[in-house]
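S.K.: Got a structure for you, written out below as structure tokens; questions coming shortly.
The values are calculated or read from the model by the stated rules, or taken from the named source; none is laboratory data. The model shown is predicted, which means the values in this text are computed figures rather than measured ones. Reconstructed Cβ throughout: ideal geometry from the backbone, glycine too, with neighbour counts over all protein chains shown.
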């Protein structure tokens, strides 16, 4: 461990007294919002570090987790002072009250270390607390700014000087990969691995452009701000990067300050994984020397990366994004805790930890820029630009599982690459498929006859989308809809003699995939609006009716699935709580049929029905697919589809008395 640089603000004795006051609660008024009750898990890693320091002081061997955290604070504390911090912890822990740390540490003897396996055990409580916190959020990458900058989130960020955002929604993800896009930095992968394994590393480069000042920090003497920015980041399976901006002097409200052209790279590195995690801090320069915060920021970010890797949650693919967020909260809190003692918390205007999956990065590479709010002691908008080539979307050959009676086939390959779930529908004795081509997100279609032979795929008009399309058969035509990149829903019909019709546009603004089914020979559509409500439309063979707002008020963050079964049209969805909601209708007005007990899902479910059966497919936390049946009275027979793992919802359809399930496999 290195010796600390004298920061010129607090002596070693003063730091120990500040720590004692923080742990005992004597500084609660000064540290409003930082102290926590004995049932809180928000500062668990801080407790593990201090417990490890005490055990080290008393001749015990630190656990794997304790050593990781001790090495992190060792970037700024000497061995002697680290052990002294452990002594202060033991002194306070032996008393009757522990103001900051979980009560488990107050009762923990020095012989009992806190290891990674203990952290794994406490993860449910850590995650639940983090997810309930006002200053943490998991949002869809296409979420309107009003939701991303929700006033309640900004207020909580302001109080804690910390905000944590993961730009992803576990219930609706389109994870990109590294192949088949002209203009990228890797060679095309046409005819590549049918298992969908990741290709060569791709470059992630994000630049700081400028920041706008809504509110200046000010200091205790009433002078103008001296602002600077730092960042530490890493990408899955790849590079690390740190950034320190120049100092911006005399910053005032209403200013827009531009970063130096020679020093504006927030992150630059190559990734073969599925996320970028970056910790960005806005500082009000006082007397803090660079060595302190730079060393600690980097060390704690490295510790976070190691924790995620050891917990096997570092790739965003498992659907365990809330766990990443929980660890991010822990590390960010520890950074502020330690900085409070070493320097002065007022030097940190605001800290944000941002997690971006490859889908978000691919969207950023196409959109060109983004803006992140830092609303703490001051209020600044940090504006970022994409500095690299386009990041292509994940592509893989589809896989299929086919059920005959109650017997499932082994997963097989479907000869089409796509970036998301396909749409399936039976029409005129054939099984039709629609999917998104990786290179340009064009909507492609093909048909399979009863012998299993597929036609050559072709693009449907000039249609493109970020989301899976939908299809159904009615009125002697194949109906098809998709949500365009302009947030409009387009509808076409197909007959072998006339081909595809010109597109018709539904009124309104939309996101996610539309859902289609045929009920009583009429076509029904349910879509998720940009207003976050569900809307229903119908077509009796001519024009589409204007969409009608949902009457059940479901709170969702993804699309729904539809099927017609025994005189009712069924609409099923995954709620924000991951429970599966069910409803049915005879045409337009929906009646709630309750949640399916015990059938949670990470994604929107999929639904298919024939004259005798209605089957629901859902995705579990381990990416496995589960099927379950409805017999007209209740849901039953939930079981895993043998060997089937998927990135998201599958496409399903009954064809020739068999259930076809087609899905995008996760990257290996």
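S.K.: Please go through segment 458-478 and give me each residue that is surrounded by 17 or more Cβ atoms within 10 Å (Cβ to Cβ) and not in a strand (DSSP E or B), ordered by number.
M.R.: Residues satisfying the conditions are 466, 467, 468, 469.
S.K.: Next question, about the same structure. Considering only residues that are part of a strand (DSSP E or B) and either in the same structural domain as residue 139 (by TED's automatic domain parsing) or more than 35 Å from the chain's Cα centre (by Cα) (or both), which ones fall in segment 545-570?
M.R.: 568
S.K.: Taking segment 497-537 on its own, how many of its residues are surrounded by fewer than 17 Cβ atoms within 10 Å (Cβ to Cβ) and farther than 18 Å from residue 548 by Cβ?
M.R.: Number of matching residues: 6.
S.K.: Residues being within 21 Å of the chain's Cα centre (by Cα) and either at pLDDT below 75 or assigned to a loop (DSSP other than H, G, I, E, B) (or both): count how many of those fall in segment 276-292.
M.R.: Final tally of qualifying residues: 0.
S.K.: Could you list all residues from segment 379-415 that are crowded, with 22+ Cβ neighbours inside 10 Å and in a loop (DSSP other than H, G, I, E, B)?
M.R.: If the condition is that a residue be crowded, with 22+ Cβ neighbours inside 10 Å and in a loop (DSSP other than H, G, I, E, B), then 391, 392, 393, 394, 395 are the ones that fit.
S.K.: Given the conditions (1) surrounded by fewer than 20 Cβ atoms within 10 Å (Cβ to Cβ); (2) modelled with pLDDT of 90 or more; (3) outside the structural domain of residue 215 (by TED's automatic domain parsing), which single one is not true for residue 154?
M.R.: (3)
S.K.: Which of the residues belonging to segment 502-522 are assigned to a loop (DSSP other than H, G, I, E, B) and within 20 Å of residue 486 (Cα to Cα)?
M.R.: Once the filter is applied, which keeps residues that are assigned to a loop (DSSP other than H, G, I, E, B) and within 20 Å of residue 486 (Cα to Cα), segment 502-522 yields 502, 503, 506, 507, 508, 509.
S.K.: Taking segment 385-405 as the region of interest, how many residues are within 25 Å of residue 441 (Cα to Cα) and in contact with a strand residue (DSSP E or B) (Cβ under 7 Å, 6 or more places away or on another chain)?
M.R.: Looking only at that region, the number is 13.
S.K.: Being surrounded by 23 or more Cβ atoms within 10 Å (Cβ to Cβ), out of contact with any helix residue (DSSP H, G or I) (no Cβ under 8 Å at 6 or more places or on another chain) and at pLDDT below 95 is the requirement here; does residue 418 meet it?
M.R.: yes
S.K.: In the list 587, 542, 538, 598, which residue meets the criterion of being under 27 Å from the mean Cα position of the chain (by Cα) and in the same structural domain as residue 426 (by TED's automatic domain parsing)?
M.R.: 598
S.K.: Within segment 533-551, identify whether any single residue is touching a strand residue (DSSP E or B) at 6+ places or on another chain (Cβ under 8 Å), without any contact (Cβ under 8 Å) to a residue 60 or more places away in the chain and over 21 Å from residue 491 (Cβ atoms), and answer yes or no.
M.R.: no
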